[in-house]
Amino acid sequence: MRLEQVELKATNPLLNSYQQQGDVAAFFHYEQTQEAFEQRLNDLKNHPVRRQELADIIRDFMAPYGLSPKDEQHLKELEENAVAVVGGQQAGLLTGPLYSVHKAITVIVLANEQREKLGVPVVPVFWIAGEDHDIDEINHTFTSTLHKVNFGEKTKHKKQASYTVLDRVALTEWVKEIFASFGETAYTKDLLASVLAEVEQTTTFTDFFVRLMHGLFKEYGLLMLDAADEKLRAYEAPYFERLIDHSEEIAKVVTAREAHLVELGYPMPIGATEDAANLFYTEDGARYLLVRKDGKFLNHAANVHFTVDEMKQQAAAGHFSNNVVTRPMMQDMVLPVLSFVGGPGELAYWSTLKEGFETLGMKVPVFTPRLNITMVTSHTQALLEDLQLTVKDALEGKVDDLRESFKAQVYDKEAQQTLETTKRLIEKQYAALHEHLIANDLHVNTLVDKNLNFHKSQLDFMMRKIEQEVLMKHDVAMRRFGDIERDLLPLGGFQERTYTPYPYLNDYGMTLVDDLLTLPYTIDGRHQIVYL
């Protein structure tokens, strides 16, 4: 395994502005410097955290999955004086897209780096969005041929991931179907067996996600929290009260900040409104987004309308969860967050939250963009070498340019010229026919035009068939371009947005994540290319 770090052309203006300390940097309290981490650490000295209670909640949540010595060490440090690097993700099947794993890697790498530089315990924490109710976003994956394979039927009821029970028999068959698409390697049998062993004990989407993620990262002490955990909800009750008290002000400042972001030419990330409560009411595993109207918090679908006092009673009973606006604030109240690790989408909505944090007397923690990692198999490396392309070239879209150049080289120009000449001769003859018909007052020009268009379309059809035959002759050469793009840019985006880690575990072996964590990453915005 070998690491190469490269600069790619900027494709996300907001992320580029943040990384280059452009206008978006002013939307945050801290810059991306070591001095900022030191300042944040100092600011956290006045940050109240109920450490023992928090550590017990995390310990109780993780205990069924088996606590490693590193987990225990980090929990002990959290009880005392540790700060945290936090990242999170929805509970996708087979860990969801690779960026879930990349976030966890970034969290661990950054925590270790800052532990050394700051000289204090820094623990990695993964916040699972088990409260998320959009199951259709997490109930599928893609095969290496980019076939989307869904698990179960399209959901009708918006139930939280942590309350959505999985059918183990159906999940077993689904996993086997996915693995069958990978192809057999020396690692397939053991890898599949390890996943199916977890399926046998799985209860919900979140439970399955935690089992797999914890299996990959337990030796690194990645502490895991489920936002839908009842014990965590009870712990959060006083923090929900703060969010309820400041709900109107938070909505106003976030809406204003988002409008400013749009004025600067960036897309609208949230669609914030001043009547938003930015909280969900939860009941029987379902979530209902609340709005404020006439001093009350409402959701008509759930037929609920609460006063502020009633809201606080519901908070004590554990009936609320956060949306994208209040989740970062809740994380900062629950944990001593040194830095939050997120992707471009998270950066967009975090850029609207500065004044919202200030409303609660807090600062937005240091936002660290997660590592972008592309893994390159030996097969893809060989194809790139054959075409004299680099991975950087491929990631910047040059495979398509090379494909078009190759097609032009093998194109049957003589056939094209002959057909174009034939088309011009036909057009000339039909023009003469038009003149004859007009001169003799014969009214069939519409039929003549239709007949001409038919012949021209037949010639075009013939040319397309010739092109297909030519490309078929060069099928092996043409297939190289598609293979590279399916591996490195599936569906037009980075592989981390499409594939789970399991095709790569199947190809490389069970030590993939361990070996990835030995590489000397630099978190500086460059793209990480890993040659397997």
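The values are calculated or read from the model by the stated rules, or taken from the named source; none is laboratory data. Values in this document were obtained by computation on a predicted structure and should not be read as measured data. With ideal geometry, Cβ positions are generated from the backbone for all residues, glycine too; neighbour counts draw on all protein chains shown. In case anyone asks, the SASA skips ligands and DNA or RNA and just uses the protein heavy atoms, side chains included. Shrake-Rupley method; radii C 1.70, N 1.55, O 1.52, S 1.80 Å.
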Practice task
Kindly establish whether Arg211 is assigned to a helix (DSSP H, G or I), of a type outside the set (Val, Ile, Thr), closer than 30 Å to Ala63 by Cβ and open to solvent by 50 Å² or more (accessible area, probe 1.4 Å).
Solution key: no
Completion exercise
Considering only helices (runs of 4 or more DSSP H) wholly within the range 299-354, the ones with at least 2 residues that are over 26 Å from Leu15 (Cβ atoms) and more than 22 Å from the chain's Cα centre (by Cα) are 308-316, 326-334
Handout entry: Residue match in the range 179-189 (condition: more than 19 Å from Tyr499 (Cβ to Cβ), at pLDDT 95 or above and in contact with a strand residue (DSSP E or B) (Cβ under 8 Å, 6 or more places away or on another chain))
Key = no
Exercise for the section: Return yes when Thr145 is hydroxyl-bearing (Ser, Thr, Tyr) and open to solvent by less than 10 Å² (accessible area, probe 1.4 Å) and no when it is not. Expected result: no
Fill in the blank from the handout: Those residues of the range 501-532 which are within 28 Å of Leu15 (Cα to Cα), open to solvent by less than 20 Å² (accessible area, probe 1.4 Å) and hydrophobic (A, V, I, L, M, F, W, C) amount to Val513, Leu516, Ile529, Val530
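Does Ala91 meet the test of being outside any loop (DSSP other than H, G, I, E, B) and on the phi < 0 side of the Ramachandran plot?
Working: outside any loop (DSSP other than H, G, I, E, B): no; on the phi < 0 side of the Ramachandran plot: yes.
Here the answer is no, as Ala91 does not meet what is asked.
Filter the range 359-375 down to the residues that are farther than 30 Å from Glu4 by Cα and in contact (Cβ under 8 Å) with a residue 24 or more places away in the chain and list them by number.
Once the filter is applied, which keeps residues that are farther than 30 Å from Glu4 by Cα and in contact (Cβ under 8 Å) with a residue 24 or more places away in the chain, the range 359-375 yields Thr359, Leu360, Met362, Lys363, Val364.
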Problem - Hey, Arg59 under 30 Å from Val165 (Cα atoms) and of a type in the set (Lys, Arg) or not - result: yes
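When you scan the range 11-24, how many residues do you find that are within 15 Å of Gly265 (Cα to Cα) and either part of a helix (DSSP H, G or I) or open to solvent by 60 Å² or more (accessible area, probe 1.4 Å) (or both)?
From the range 11-24, those within 15 Å of Gly265 (Cα to Cα) are 11-18, 22-24; that's our starting set.
Among the residues that remain, those that are also either part of a helix (DSSP H, G or I) or open to solvent by 60 Å² or more (accessible area, probe 1.4 Å) (or both) are: 11, 13-18, 23-24.
Total satisfying the criteria: 9.
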Exercise for the section: Could you tell me whether Lys103 is of a type outside the set (A, V, I, L, M) and touching a residue at least 60 places away in the same chain (Cβ under 8 Å)? Expected result: yes
Completion exercise
Residue hits (the range 242-289; more than 15 Å from Arg327 (Cα to Cα), open to solvent by less than 30 Å² (accessible area, probe 1.4 Å) and among the hydrophobic types (A, V, I, L, M, F, W, C)) are Leu261, Ala286
Problem - Test for Thr380: is it open to solvent by less than 10 Å² (accessible area, probe 1.4 Å), more than 22 Å from the chain's Cα centre (by Cα) and hydroxyl-bearing (Ser, Thr, Tyr) - result: yes
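Among what's in the range 148-163 and is outside any strand (DSSP E or B) and closer than 14 Å to Ala228 by Cβ, pick the residue that is most open to solvent (accessible area, probe 1.4 Å). Can you show your working first?
Taking the range 148-163 as the starting set, the residues that turn out to be outside any strand (DSSP E or B) are 151-158, 160-163.
Cutting the leftovers down to closer than 14 Å to Ala228 by Cβ gives us 158, 160-163.
Values: Lys158: 93, Gln160: 2, Ala161: 1, Ser162: 23, Tyr163: 75 Å².
Ranking the qualifying residues of the range 148-163, first place goes to Lys158.
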Problem - Qualifying residues in the range 32-66 (those that are without any contact (Cβ under 8 Å) to a residue 24 or more places away in the chain and outside any helix (DSSP H, G or I)) - the one most open to solvent (accessible area, probe 1.4 Å) - result: Pro48
Fill in the blank from the handout: The lone condition Asp294 fails out of (1) modelled with pLDDT of 95 or more; (2) out of contact with any strand residue (DSSP E or B) (no Cβ under 6 Å at 6 or more places or on another chain) is (1)
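Can you tell me which of Thr145, Thr141 is polar (S, T, N, Q), within 21 Å of the chain's Cα centre (by Cα), in a loop (DSSP other than H, G, I, E, B) and within 17 Å of Thr500 (Cα to Cα)? Don't jump to the end; show me each part of the working.
Details: Thr141 fails: in a loop (DSSP other than H, G, I, E, B).
Answer to the selection: Thr145.
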Practice task
Please enumerate the residues belonging to the range 96-137 that are open to solvent by less than 10 Å² (accessible area, probe 1.4 Å) and among the β-branched types (Val, Ile, Thr).
Solution key: Val101, Ile105, Thr106, Val107, Ile108, Val122, Val123, Val125, Ile128, Ile135
Completion exercise
Taking the range 221-267 and keeping residues among the polar types (S, T, N, Q) and touching a residue at least 40 places away in the same chain (Cβ under 8 Å) leaves Ser247
